[in-house]
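The values are calculated or read from the model by the stated rules, or taken from the named source; none is laboratory data. These figures come from a predicted structure and were not determined experimentally. Neighbour counts are summed over all protein chains in view; Cβ atoms, including those assigned to glycine, are modelled from backbone coordinates with ideal geometry. Remember, those area values only see protein heavy atoms, side chains included, never the ligands or the DNA or RNA. Shrake-Rupley method; radii C 1.70, N 1.55, O 1.52, S 1.80 Å.
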There are 2 protein chains.
Amino acid sequence: MRIAFLGLGAMGEPMARHIADKGFALTVWNRTAARAAALAQRGIAVAASAGDAACGADVVLLCVSADRDVLAVIDQIAPGLKPGAIVIDTSTVSADTAREAAQRVAPAHFLDAPLSGGVEGARNGRLSVMVGGNATTLVQSRPVLECFAARITHMGEVGAGQATKAVNQVMVAGIAEAVCEALAFGERLGLPTERLLGVLGAGAANSWFLEKRGASMLDERFDSGFKLGLLHKDLGIVRAMAERLGAHLPVVNAAYADYQTLLDEGRFDEEISALIRLKRRLFA
Amino acid sequence: MRIAFLGLGAMGEPMARHIADKGFALTVWNRTAARAAALAQRGIAVAASAGDAACGADVVLLCVSADRDVLAVIDQIAPGLKPGAIVIDTSTVSADTAREAAQRVAPAHFLDAPLSGGVEGARNGRLSVMVGGNATTLVQSRPVLECFAARITHMGEVGAGQATKAVNQVMVAGIAEAVCEALAFGERLGLPTERLLGVLGAGAANSWFLEKRGASMLDERFDSGFKLGLLHKDLGIVRAMAERLGAHLPVVNAAYADYQTLLDEGRFDEEISALIRLKRRLFA
């Protein structure tokens, strides 16, 4: 099976590496060519364009940043796709973009397959994949997805993977709001923070985010994890999806506004737990 | 060591039972006498008044509902406390009420010791206790607290236990907002809910609340867990504490308003996950 991997960012690069490690014939491409250098040194084929990488591949994976990037890459690869090829987009974009991409690659097959588990999950090959699309196409794609996934869940037709990721991001953003506001309050009350993290994590207040980011945020370390600029982008997608349903989501809107404030301060690359900066100002 | 236990509600009754099971000489009291009947049948002494129960006891535990109840009981027991007695309040009240109670029982000793772990934790004797007060007093009290606690954490002087509980409740309330809004969104998007819970719980969106209450709220079961009327009361305490610091906490204020709406509909006794009722209306 010939595989093409398009987009070698913090997620894509380790994912492509896992695919090559499993022995698949892999060709990669990245918009900024320098990011492909490490993979080239390992003997992985690097194509000069997305179209070249995808031409003749059995499975084409995308891992890029935003809706317009996905559709731009789709338009570059669509003419050269071989009959029966499968295109899998692991980017986080809207369900509408997933459906549009599926139409543009037809008669080739399409799966939307956004990811959860972060950079750590990509590195150790333990991502959770939320898949929308045809069930038979997913069965054929599993050997490739299993290179980097611990869990692959079929959520429904094309778009259902992105819908699931949107729900996931509502929870992620709202939990960050709760945890950061609570910890800033605890700091202001003068509580010993190490014991506080222990007590909170032992009961009904516990969360993945408190366990993984509680200590680092209290130590002012915001350099690894999930960039807040990307969560802000995802929340924009969620807001547009909700508006098309006639809904305004208060938790989402509050988090979107908070991350906008942090973006305005130039903090795109900080981890989402940097939200505690704003929460501390409530007590200033 | 002679122990008095005052307040035999859903938490207090199993806690008192654990103390008796460990062989301590126990006298109990409850405002509504009928609630003491089950303990009386097990041979536990039941007093006619809080003052009678506490008179001559080495350790007096309180487990009641609200700030004014705590101070009323304190005033009833203070005159009969023996020199060196320890009064431990496990209710969730303000840090100010804890400091006031400590003054009223002096020269007897006082610890504020609110709980986390819910009715399940009280039943299986695995509560987490957040303690404020003198360290030596806590050392003397440990054998009694260990009857019903898996974890006992000293957080600082009198009031620090209640301050910790307030921080805990900010997290609990904010996480409920995030999880209920996200799951209502997922329902509206038509996603298969059982798979959705599995995917969300496998990654960065996970929380104690999603794990323990996700399935029951989607099944419309709100009859066991943490009553939303009590969380609303706790959030009122948090708001007052924050206001004394000159702060308004957006996550807390939003949750307080939502639970007020549910209280206005007569839902005091429903579990806090009944918040999903309001979140579903966002899509109506």
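Of the conditions (1) without any contact (Cβ under 8 Å) to a residue 40 or more places away in the chain; (2) surrounded by 24 or more Cβ atoms within 10 Å (Cβ to Cβ), residue A:251 clears all except one; give me its number. The number of the failed condition is (1). Summed over segment A:201-222, residues that are open to solvent by 20 Å² or more (accessible area, probe 1.4 Å), among the aliphatic types (A, V, I, L, M) and under 28 Å from the mean Cα position of the chain (by Cα) total 3.
Test residue B:198 against the stated conditions and say whether it is open to solvent by 10 Å² or more (accessible area, probe 1.4 Å), farther than 23 Å from residue A:182 by Cβ and small (Gly, Ala, Ser). When the stated conditions are applied, residue B:198 passes them. Being in contact with a Phe, Trp or Tyr (Cβ under 7 Å, 6 or more places away or on another chain), on the phi > 0 side of the Ramachandran plot and either of a type outside the set (Val, Ile, Thr) or within 14 Å of chain B (Cβ to nearest Cβ) (or both) narrows it down to one residue among A:43, A:56, A:133, A:117; which is it? When all the criteria are applied, what remains is A:133. The C-beta contact set for segment B:14-28 (first residue part of a helix (DSSP H, G or I), second residue among the basic types (Lys, Arg), distance under 6 angstrom, 6+ apart or interchain) comprises B:14/B:123. Does segment A:234-247 contain at least one residue that is closer than 26 Å to residue A:197 by Cβ, more than 10 Å from chain B (Cβ to nearest Cβ) and in contact (Cβ under 8 Å) with a residue 12 or more places away in the chain? No; the residues of segment A:234-247 include none that is closer than 26 Å to residue A:197 by Cβ, more than 10 Å from chain B (Cβ to nearest Cβ) and in contact (Cβ under 8 Å) with a residue 12 or more places away in the chain. Can you tell me which residues in segment A:213-226 are in contact with an Asp or Glu (Cβ under 8 Å, 6 or more places away or on another chain), within 13 Å of another protein chain (Cβ to nearest Cβ) and closer than 22 Å to residue B:202 by Cβ? Residues satisfying the conditions are A:213, A:225, A:226. The condition (being facing another protein chain (nearest Cβ under 7 Å) and either of a type outside the set (Asp, Glu) or over 15 Å from the mean Cα position of the chain (by Cα) (or both)) is satisfied by just one residue among A:139, A:144, A:170: A:170. Of the residues examined, residue B:182 is one that is within 7 Å of chain A (Cβ to nearest Cβ) and out of contact with any Lys or Arg (no Cβ under 8 Å at 6 or more places or on another chain). Figure legend. Inter-residue proximity from segment A:187-212: first residues at the interface with chain B (Cβ under 7 Å from one of its Cβ atoms) and within 14 Å of residue B:130 (Cβ to Cβ), second residues surrounded by fewer than 23 Cβ atoms within 10 Å (Cβ to Cβ) and among the aromatic types (Phe, Trp, Tyr), beta-carbon distance below 9 Å, spacing 6+ or different chains. Indicated pairs: A:203/B:208; A:204/B:208; A:204/B:226; A:205/B:208.
Within segment B:133-162, residues that are farther than 26 Å from residue B:23 by Cα have Cβ atoms under 8 Å from residues that are surrounded by fewer than 22 Cβ atoms within 10 Å (Cβ to Cβ) and among the basic types (Lys, Arg) in these pairs: B:155/A:195; B:158/B:99; B:159/B:99, counting only partners at least 6 apart in sequence or on another chain.
Scan segment B:156-163 and tell me whether some residue there is open to solvent by less than 10 Å² (accessible area, probe 1.4 Å) and not in a helix (DSSP H, G or I). Yes.
Listed here are the residues, each with its yes/no results for (1) within 27 Å of residue A:168 (Cα to Cα); (2) touching an Asp or Glu at 6+ places or on another chain (Cβ under 9 Å).
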site: A:36; (1), (2): no, yes
site: A:47; (1), (2): no, no
site: A:53; (1), (2): no, no
site: A:57; (1), (2): no, no
site: A:69; (1), (2): yes, no
site: A:82; (1), (2): no, yes
site: A:88; (1), (2): yes, yes
site: A:92; (1), (2): yes, yes
site: A:108; (1), (2): no, no
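Of everything listed in (1) part of a loop (DSSP other than H, G, I, E, B); (2) surrounded by fewer than 15 Cβ atoms within 10 Å (Cβ to Cβ); (3) modelled with pLDDT of 95 or more, the single unmet condition for residue B:8 is (2). The selection criterion, being at pLDDT 95 or above, farther than 19 Å from residue A:119 by Cα and touching a Cys at 6+ places or on another chain (Cβ under 7 Å), holds for residue A:275. Tallying residues that are of a type outside the set (D, E, K, R) and outside any helix (DSSP H, G or I) within segment A:36-73 yields 18.
Would you check if residue B:68 is charged (D, E, K, R), within 19 Å of residue B:158 (Cβ to Cβ), under 19 Å from the mean Cα position of the chain (by Cα) and open to solvent by 60 Å² or more (accessible area, probe 1.4 Å)? Taking the combined requirement at face value, the residue satisfies it.
Against the test of being at pLDDT below 95 and more than 15 Å from the chain's Cα centre (by Cα), the options B:17, B:2, B:35 yield a single qualifying residue, B:35.
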